[in-house]
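Down below is the structure, laid out as structure tokens.
None of the figures in this text is laboratory data; all of them are computed from the coordinates on show. None of these values were measured; they are calculated from a predicted model. A quick note on method: Cβ atoms are made from the backbone with ideal geometry, for glycine too, and the neighbour counts reach across all protein chains shown.
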Amino acid sequence: MQATTRVRRIKSIWKSEPTIEGAGVHLRRAFGNREAHQFDPFLLLDDFRSDNPQDYIRGFPWHPHRGMETITYVLDGGVEHQDSLGNGGVIGAGEVQWMTAGSGILHQEMPKGTREGRMYGFQLWANLPASHKMMLPRYRGFGPKEIPIVERDGVRVRLIAGSVDGAAGPVKDVVTRPEYLDVTVRAQTRFVHPIPHGHTAIAYVIEGQGYFDPCRDPYERDEVGANYFDMKRDCLCDANTLVHYEREGDAVQVETKAYPVRFILMSGQPIGEPVAWWGPIVMNTREELRQAFEELDAGTFIKAR
Ligand code: CO
């Protein structure tokens with residue numbers, strides 16, 4: 001049976017904003033605590049691309065996580081990590097680390113630049129449902145060899161989670177069925193990708209420019225936080241733009257004109273539970289947060305080693 005594809009429209013767009021996190025890391029936040037209610041099951045997306053080691057070398061020294069997952073994707077440079085499970089190493093260029101904090105981990109994440117000082121990467125946070133918040137913590141790392149690349153009709157997809165043309169990314173058994181794709185669309189090309197109706201869908205532009213839905217009327221979307229000198233009145237989305245899609249529809253469409261575009265595309269099934277969030281700990285209730293911080297003080301936070 002051939003179902004008609006309904007292409008999703010953009011709900012709103014904005015640019016990631018400079019912020020300071022960890023021990024003094026200068027990064028760009030695409031969304032976080034303030035906006036997360038719209039992005040269930042995702043909580044936060046940070047863009048730490050920089051050519052200046054002063055932006056990132058202070059890193060993210062030892063800190064806890066509970067009740068959520070962090071997905072670190074490195075394009076260039078690396079992130080040195082160590083954790084309470086005894087894992088340690090470097091997430092290198094082209095690698096992904098999918099960390100499920102579950103009942104709790106302590107870890108540190110220290111970005112390292114290339115010889116030229118470049119460190120390009122993203123960290124996405126995904127929520128866990130109540131049923132899995134206290135699951136056994138785990139780390140999974142995937143190198144370039146384990147991340148399939150699908151190339152067709154001018155589109156190149158690095159498949160971290162999800163599937164394209166019968167190929168599937170290495171991350172599978174996650175409750176919210178997230179998809180995480182790194183997509184490059186060359187100039188004068190159209191990319192259409194199915195995303196189940198009702199799933200949250202977000203794109204974040206790495207470089208280049210493209211149209212992220214079929215609409216060519218810029219007044220049909222919310223452009224949040226634009227500079228009031230911004231007179232741009234086209235629908236092209238360029239670097240550092242966060243594209244938030246409507247929930248209705250079963251595919252997204254990205255089209256390019258004169259330039260190529262590269263973006264990450266994330267989607268997942270909303271959890272639909274209350275969120276109680278303090279710093280690196282994301283639970284359902286304030287009481288669970290209180291308990292987590294009491295356990296940290298008492299030294300009983302780590303349940304599994
Ligand atoms: Co962390």
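General observations
- Across the range 1-90, Cα-Cα pairs more than 15 Å apart make up 72 percent of the total.
- Hz values of 3J(HN,Hα) by residue in the range 249-265 - Karplus curve (6.51, -1.76, 1.60), Gly and Pro given as x: x, 10, 7, 10, 10, 10, 10, 10, 10, 6, 10, x, 9, 10, 8, 9, 10
- Residue exposure sequence - Tyr219, Tyr204 - by fewest surrounding Cβ within 10 Å: Tyr219, Tyr204
- Rg then Dmax, both in Å and based on the Cα atoms of the chain: 19.1, 59.
- Of all the options Gly67, Gly88, Gly225, the one that moves most in a Gaussian network model of the chain with Cα springs shorter than 10 angstrom is Gly225.
- Loop-located GluC sites (Glu not before Pro) in the range 232-301 whose Cβ has at most 12 other Cβ within 10 Å (DSSP): Glu248
- Measuring between their Cα centroids, the range 155-180 and the range 1-59 lie 19 Å from each other.
- Ranking of Glu80, Glu116 by count of other Cβ atoms within 10 Å, fewest first: Glu116, Glu80
- When the charge dipole of the chain is built from unit charges on Cβ atoms (+1 for Lys and Arg, -1 for Asp and Glu) and taken about the Cα centre, the candidate among Ala239, Ile264, Gln82 whose Cα reaches farthest toward its positive end is Ile264.
- Violating pairs (Cα-Cα greater than 27 angstrom) within the set Lys11/Lys145; Lys112/Lys172; Lys11/Lys257; Lys172/Lys303: Lys11/Lys145; Lys112/Lys172
- Helix-only [θ]222 nm of the chain, DSSP H runs n ≥ 4, -39500 (n - 2.57) each, per residue, nearest 500: -1500 deg cm²/dmol
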